[in-house]
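The values are calculated or read from the model by the stated rules, or taken from the named source; none is laboratory data. It should be emphasised that the depicted structure is a prediction, and the values quoted were computed from it without experimental measurement. FYI the Cβ positions are ideal-geometry reconstructions off the backbone, even for glycines, and counts take in every protein chain you see.
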Amino acid sequence: MAGRYRLSTADLRGLVTGRDQLAVLRLLRTAELSKHQLFLAALMREVAQTRSAEYATTLLPAYQLLADIEKREPKVVRTLLASSQFGGWVSDCLRHLTSPVDTRSNTGAPLATDLGQLAVIAATAALRTGRPFDLSVPLRHGALTFPDFGTAYPGATTAWEWGRARFDTQGGQVMSSVSTVQIPATTDPPQSFGGDWSSITRLTTEAGGLRFKVVLDDRDPFLDCYGIDRAPVTADGLVIWQRLLDQTWDILARGHRRYATMIAAVVRALVPLARPAPMRPVSSTAASAFGAIALSLPDDALTMAEVLVHEFQHGVLSAVMDIVPLIDSGDSLPTYAPWREDARPVGSLVHGLFAHLGMARFWHHQRGSGSADEQLRADVEFARWRTLLTEAAEVLASAGVLTEYGEEFLSAVRSVLTGWQDQTLPPLAVEYGEDLSLDHRVRWRLRHLAPDSDAVHSLASAWRRGSPPENALLGLNRIRECVPAPPASRNIRSYLLGLRYRNPAQFSCWVKRPGEQAPDLRVDAADKALLTGFYASAARGYRRRIETGDDIDAWAGLAVARRHTGPARSARILAEHPEVAAALQRTLRDNPRADPDQVVAWLAGPEPTADQPTSARVC
Amino acid sequence: MQMPDQDQEVGLVDLTGLSLDDLAALDDSVVANAIRLLQERRGNGADYMETFHDFNAAP
């Protein structure tokens, strides 16, 4: 008889505070298997009712084969059903079948082809157990990928041709209208590239007595679910991935044992992604594919370790949220998330908090390790995320969107953050972290907050009259909706603000010879001045850019520069109300006195005299 | 097949003890109810195909 999964508040707190939670992870893994079983049950019912022909000819024979194999080899079938590839498949098909709107499949294939994947999954189980079978299977552009096993390339005359897969005394075969491909007899064939069969790519590494084994899955159609192109793995690329994973695992297994143990227990697949731009690494996790982490090839082992911890956290919390509700389902207003370019529902801060808390913990433990550059990097990341997470936790706490479990979760997050507050950090680390955070926040405010137009006109009238501003007008704004993310190349200064502590040598090359790093990208004089610490010069450059037109990046640059040069009150306006300053300056653009610094200084009011208290820190 | 506590509104249903044959025999309403609860639990309009893209988003 079936019961329900339960997660105690002690278990939830343990996950947040980073205690060894292998028992909880085992529970989450079985819960994800249950979710896949539930989806499969729903899918079979839906197809039986709405697509009876496909149910009879494709799904039912495949299901029955799987059920027969399960009677003798339950572990093989359970492993397949629990896999991220299966989760991706069953979730995608179920959404496609049941969505009230016409959603497009992630794979771009006809629904019949996607539904037919169950035959491929059953064939995989049969091949693994030596069970004879003969099934009709859907090809995709002449190829057939068996999950976690390999790909046959028999070719086809049409994109979505159906072929046959079978196993008998002659061995395994995949047949199409073009050719027949022999499937290797072993259940774990060696990696191969080219030819009509390609085994799945596997990575195995070991450090400190802890082994980590994953597939590098660049081909399963249902792990192509991240909205980012995958990057096919070549023989040379495999060597690079293996070397980087070896270095990464050495860091994690020796220095972050708990995370390494938990990652080894959960992660079964890495999905290689293509970078949207050379300076823009990406990674992602899908709620439908527990145990898979998608990532572009990281720049270095520390980054890869950070990515694995971050995405592992997403996967864990996603599984937690299948068991217990953390967020009320009511609507919530979009808000700033320091890890996103877009505006996010307040409730979604839960996920970002948990993922970045793991990252911050990683950097916390990493502090004091490695070279001087690596130590600075750990200090900056820890400083930055400690501050940003504390702010985000306060926003979430005041939003009123959490359930009882959610409140427990947040309480545990805050207790971790409180425990970190007394850590002393080098001033340079704090400065680098604050520069980057301020740059991001100001750009976000300028893109997503629209000041009240009446308030801006009132301020403009006061400016023209020579009257002081009305401070109450500064906070009147609303969130713009559906603002697309900026093109990657526009954000080159942000990238470099990060690069200066992540890779100082590469940063130096960028600043000295930007054209050699990427011919189509340039760092202008103001950005170069900012990045090299000439803040007054940078501010002059940004003022000129602002005066010649709307330039969000220039306003953000001016905010960072004024954080260093002062005046403190102007710096605060630029940090806290840049959207008002920009809107007012735009309104007054025809006024010859309305240079950006003057507009900001007017909004800020007079600087305090020497004997008056002030606060120069603005972020 | 009926579940003993299907009226409870919190907690993903544990099906790991069920074979594929058992799954096929489950009552349709049990499956439909479990799916509904799972979708509601995600909150904020996110569904079970949600993806997370926030690592290093700033650059």
Scope segment A:503-521; condition over 27 Å from the mean Cα position of the chain (by Cα) and at pLDDT 70 or above; matching residues
A:S508, A:C509, A:V511, A:K512, A:R513
Exactly one of these conditions fails for A:A62: (1) surrounded by fewer than 22 Cβ atoms within 10 Å (Cβ to Cβ); (2) touching a residue at least 60 places away in the same chain (Cβ under 8 Å). Give me its number.
(1)
Restricting to helices (runs of 4 or more DSSP H) lying wholly in segment A:391-480: which have 3 or more residues that are β-branched (V, I, T)?
A:404-420
Restricting to segment B:15-28, name every residue that is surrounded by fewer than 22 Cβ atoms within 10 Å (Cβ to Cβ), assigned to a loop (DSSP other than H, G, I, E, B) and facing another protein chain (nearest Cβ under 7 Å).
B:T16, B:G17, B:L18, B:S19
Residue by residue through segment A:307-337, note down the ones that are within 8 Å of another protein chain (Cβ to nearest Cβ), within 18 Å of the chain's Cα centre (by Cα) and farther than 20 Å from A:R26 by Cα.
A:V307, A:A337
Qualifying residue in segment A:341-357 (condition: more than 17 Å from the chain's Cα centre (by Cα), assigned to a loop (DSSP other than H, G, I, E, B) and either at pLDDT below 85 or under 17 Å from A:I479 (Cβ atoms) (or both))
no
If I ask for residues that are small (G, A, S) and closer than 21 Å to A:P147 by Cα, which ones from segment A:251-273 would you list?
A:A264, A:A265, A:A269
Please determine, by comparing only the residues of segment A:130-169 that are of a type in the set (D, E) and buried (at least 17 other Cβ atoms within 10 Å of the Cβ), which one is farthest from A:A269 (Cα to Cα).
A:E161
Name every residue in segment A:523-546 that is at pLDDT below 90 and either in contact with a helix residue (DSSP H, G or I) (Cβ under 6 Å, 6 or more places away or on another chain) or closer than 24 Å to A:E381 by Cβ (or both), in order of residue number.
A:V523
Which of the residues belonging to segment A:44-60 are more than 10 Å from chain B (Cβ to nearest Cβ) and not small (G, A, S)?
A:V47, A:T50, A:R51, A:E54, A:Y55, A:T57, A:T58, A:L59
In this structure, is A:A289 more than 7 Å from chain B (Cβ to nearest Cβ), part of a loop (DSSP other than H, G, I, E, B), crowded, with 24+ Cβ neighbours inside 10 Å and touching a helix residue (DSSP H, G or I) at 6+ places or on another chain (Cβ under 9 Å)?
yes
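Residues are listed down the side, and each one gets a yes or a no for (1) among the aliphatic types (A, V, I, L, M); (2) buried (at least 20 other Cβ atoms within 10 Å of the Cβ); (3) outside the structural domain of A:Q375 (by TED's automatic domain parsing):
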| residue | (1), (2), (3) |
| --- | --- |
| A:M262 | yes, yes, yes |
| A:R280 | no, no, yes |
| A:S283 | no, yes, yes |
| A:A294 | yes, yes, yes |
| A:R340 | no, no, no |
| A:L357 | yes, yes, no |
Within segment A:63-81, can you find the residues that are facing chain B (nearest Cβ under 9 Å) and either within 23 Å of A:I293 (Cβ to Cβ) or touching a strand residue (DSSP E or B) at 6+ places or on another chain (Cβ under 8 Å) (or both)?
A:R78, A:L81
Hey, among the residues in segment A:7-31 that are at the interface with chain B (Cβ under 9 Å from one of its Cβ atoms) and in contact with a Leu (Cβ under 9 Å, 6 or more places away or on another chain), which one's surrounded by the most Cβ atoms within 10 Å (Cβ to Cβ)?
A:A31
Among residues of segment A:379-419, those that are modelled with pLDDT of 95 or more, among the acidic types (D, E) and surrounded by fewer than 23 Cβ atoms within 10 Å (Cβ to Cβ), counted:
4
